[in-house]
Amino acid sequence: MAHPNAELITRFYQAFQRLDAETMASCYSADVHFSDPVFPDLNGQEATDMWRMLASRAQQFSLTFDGVEADDLSGRANWVATYLFSQTGRMVENRIQARFLFCDGKIIEHHDSFDLWRWARQALGIKGVLLGWLPSVQNAIRKQAARGLAAYRSSARGLVP
């Protein structure tokens, strides 16, 4: 029988496969901390809203996951998301390594790692191939993602972005 925290990770990714952001959010502690190369510092509802935004905008999306391991304190998994990057119309296959910390049966920290240059090469084409490794381009990707999340959060609250 799997550890309850391994079951929690599995529930999170099974919900992600269905683009069920509410179930994903229910796996997180209210004060969760999330980070990845694009969203380096999200806390609480910022993190759950990021998943809501990504799920609501997903096109030609599929997800696989494996390597789920967990104990009382920490866990890990590997996952692959394949989707259409709508801004360029290019397909992306993003391979991610996830690490988790748990508290009271919820995910309290979630850190995803992936190669942002590899992502940029797929999502942005030749611009990503030539320039995606540059810190200035990677910072521009982060800023654009942050603006997108802020606009989503504003519209979700009924505010004008």
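The values are calculated or read from the model by the stated rules, or taken from the named source; none is laboratory data. Just so it is clear, the model here is predicted, and its values are computed rather than measured. Counting neighbours? That spans all protein chains shown, and the Cβs are built from the backbone with ideal geometry, glycine included. Surface areas here come from the heavy atoms of the whole protein model, side chains and all, with no ligands, DNA or RNA. Shrake-Rupley method; radii C 1.70, N 1.55, O 1.52, S 1.80 Å.
Pull out the extension gain between Arg157 and Gln97, defined as 0.36 nm times the separation in residues minus the alpha carbon to alpha carbon distance; nm, one decimal.
Between Arg157 and Gln97, full extension yields an extra 18.4 nm.
Between Phe85, Phe100, Phe34, where does the largest GNM mean-square fluctuation fall for the chain, given springs only between Cα atoms within less than 10 Å?
Result: Phe85 has the largest fluctuation of those listed.
Could you check the simple spin-label distance between Phe61 and Asp31, using points 7 Å along Cα→Cβ, in nm with one decimal?
In this crude spin-label approximation the distance works out to 2.9 nm.
For the range 53-79 and the range 90-105, what is the separation of their Cα centres, given in Å?
If you average the Cα positions of each part, the centres end up 5 Å apart.
Would you calculate, for the chain, the mean residue ellipticity at 222 nm contributed by helices, counting each DSSP H stretch of 4 or more residues as -39,500 (n - 2.57) and dividing by all residues, to the nearest 500?
-13500 deg cm²/dmol
Can you give the local net charge around Pro40? Use residues other than it whose beta-carbon is closer than 11 angstrom to its beta-carbon, Lys and Arg +1, Asp and Glu -1.
Within the 11 Å Cβ shell, the charges total -2.
First measure r as the distance between the Cβ atoms of Lys106 and Asp41, then evaluate 1/(1 + (r/R0)^6) with R0 = 22 Å and state the FRET efficiency to the nearest 0.05.
Efficiency, rounded to the nearest 0.05: 0.70.
Can you give the accessible area per residue of the range 92-136, in Å², using a 1.4 Å probe?
52 Å²
How far apart, in nm, are two points set 7 Å out from the Cα along the Cα-to-Cβ line at Leu130 and at Glu22?
4.7 nm
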